[in-house]
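One structure below.
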Amino acid sequence: MTDELLGRHKAVLPDWLALYYADPLEITHGEGRHVWDAAGEKYLDFFGGILTTMTAHALPEVTKAVSEQAGRIVHSSTLYLNRPMVELAERIAQMSGIPDARVFFTTSGTEANDTALMLATTYRRSNQIMAMRNSYHGRSFSAVGITGNKGWSPTSLSPLQTLYVHGGVRTRGPYADLSDADFITACVADLEDLLGHGRPPAALIAEPIQGVGGFTSPPDGLYAAFREVLQRHGVLWIADEVQTGWGRTGDNFWGWQAHGQNGPPDILTFAKGIGNGMSIGGVVARSEVMNCLDSNSISTFGGTQITMAAGLANLNYLVEHDLQGNARRVGGLLIERLRAITAQIPAVKEVRGRGLMIGIELVKPGTDEANPEAASAVLEAARREGLLIGKGGGHNTSALRIAPPLSLTVAEAEEGADALERALRSIQ
Ligand code: PMP
């Protein structure tokens, strides 16, 4: 059945869709932290949490809110007063940490970043953007133009001029061997150098922890140090929280908070799991920045009643069940366990991350060379062990990515760690 579907998929969809697995998987349903494929095989899902499913698959509270709203009304999100949109905007504005915040809802992370770029360039009257090397910000014309990871940037014809900054990755590269403090000093010097020539750009956009880039871990405080420099030059800071938001990093509700000494970002973007499967993206900005647009700008589907109902139910569940705390506790145990398991596996260079956002960097044994073949092999082997994980990284996708739904239990964390250990050992 899946073979037949694969043939039809290839015949009608673009070649550049990146399907996982040599024998691609058709997922047909899910519950909690588990999903099932078309053949009835069950998998523990260590990846869907960062994609669609922030809390749990088929969460009854979200299903109920969605079906009730679908049975009531779905209409233009912005032309008429929209109670669930106002309610979710109030919650997010308050949680964002941005003073005098305004919220605009979109349908994806790409569109959220696109809006952030439109706001920053309009507000600052500049088409120059600073972005991090190895970053990923989406697939629109403007988002690919600023995406540092050129494996995900299929056109170079962007209308924006982009300058790329060091600091998002420290696994390899010129500053990899420095201490945290020296790493920050070197990256700040790089930023100062870029800002030292000509008119300052509109904004720096950065993921506090790079997602597609392999769950990299810049030292805490890096973006706070950047912030001080940016403010001196009048440059805005856009935090792309599409992967790091909603408590996933455990210690903090937003990724920027690990870098918050010099205040919140000017603009924050979010998306992915907040709707637990319903498409929600959005932008939060100080009102002065949000309101710099002087003509109408609306979205038919951004913020519809049905997606907002899902977002509210999902956010309520997250807060009531303290899933941020769960990410800290269970994620902390999982990171420790994975470090212990992989200490004797020569293909593992490091286990990094925070909360339930964990990356495992694979190398060719005895070297520091990225090992994308091993990452693909472990992905396949983990599947055979009943575990779904992701992969990512810079131009070489040599990192495994672990990001389960935030309701992961300790027993499931242990089960997944055991499965991953067997998968890692099987490819040695
Ligand atoms: N920003 C980041 C950090 C992302 O990881 C992604 C998606 N991988 C996006 C933006 C784009 O989001 P979407 O796929 O919803 O357009």
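The values are calculated or read from the model by the stated rules, or taken from the named source; none is laboratory data. If you're wondering where the values come from, they're calculated on a predicted model, not measured in any experiment. Because the Cβ atoms are built from the backbone with ideal geometry, glycine has one as well, and the counts that use them run over all protein chains shown.
Taking segment 101-144 as the range and being crowded, with 20+ Cβ neighbours inside 10 Å, among the polar types (S, T, N, Q) and part of a helix (DSSP H, G or I) as the test, the residues that pass are T110, N113, T115, T121, S142. Taking first residues from segment 203-214 that are in contact (Cβ under 8 Å) with a residue 40 or more places away in the chain and partners that are within 9 Å of the ligand (Cβ to nearest atom) and β-branched (V, I, T), the Cβ contacts under 8 Å between residues at least 6 apart in sequence or on separate chains come to E207/V242; E207/T244; P208/T244; I209/T244; G211/I50; G211/V242; G211/T244. Considering segment 130-160, the residues that are over 15 Å from H395 (Cα atoms) and away from the ligand (no atom under 15 Å from the Cβ) include one that is nearest to the chain's Cα centre (by Cα), namely M130.
Can you tell me which residue is surrounded by the most Cβ atoms within 10 Å (Cβ to Cβ) among those in segment 295-324 that are without any contact (Cβ under 8 Å) to a residue 12 or more places away in the chain and part of a helix (DSSP H, G or I)? Per the criteria, the residue is V319. Any chance segment 164-183 includes a residue that's in a helix (DSSP H, G or I) and in contact with a Phe, Trp or Tyr (Cβ under 7 Å, 6 or more places away or on another chain)? Looking for residues that are in a helix (DSSP H, G or I) and in contact with a Phe, Trp or Tyr (Cβ under 7 Å, 6 or more places away or on another chain), one finds at least one in segment 164-183, hence yes. Being surrounded by 14 or more Cβ atoms within 10 Å (Cβ to Cβ), more than 16 Å from the ligand (Cβ to nearest atom) and not assigned by TED's automatic domain parsing to the domain that holds P404 is true of S77.
Among the residues of segment 380-409, the ones that are in a loop (DSSP other than H, G, I, E, B) and over 30 Å from P60 (Cβ atoms) come to 6 in all. Inside segment 1-28, residues that are at pLDDT 95 or above, loosely packed, with under 12 Cβ neighbours inside 10 Å and part of a helix (DSSP H, G or I) make up a count of 4.
Residues in segment 180-216 that are closer than 17 Å to A116 by Cβ and away from the ligand (no atom under 16 Å from the Cβ): P201, A202. Looking at W246, W256, just one residue is within 23 Å of G332 (Cα to Cα), within 14 Å of the ligand (Cβ to nearest atom), touching a Leu at 6+ places or on another chain (Cβ under 8 Å) and in a loop (DSSP other than H, G, I, E, B), and that residue is W246.
The residue list G213, G234 contains one member that is in the same structural domain as R133 (by TED's automatic domain parsing), buried (at least 24 other Cβ atoms within 10 Å of the Cβ) and either modelled with pLDDT of 95 or more or within 21 Å of H137 (Cα to Cα) (or both), which is G213. Here segment 29-55 is the region considered, the condition is being more than 16 Å from the ligand (Cβ to nearest atom) and part of a loop (DSSP other than H, G, I, E, B), and the residue that is surrounded by the most Cβ atoms within 10 Å (Cβ to Cβ) is F46.
In segment 119-129, is there at least one residue being outside the structural domain of L51 (by TED's automatic domain parsing) and within 13 Å of the ligand (Cβ to nearest atom)? Scanning segment 119-129 turns up no residue that is outside the structural domain of L51 (by TED's automatic domain parsing) and within 13 Å of the ligand (Cβ to nearest atom).
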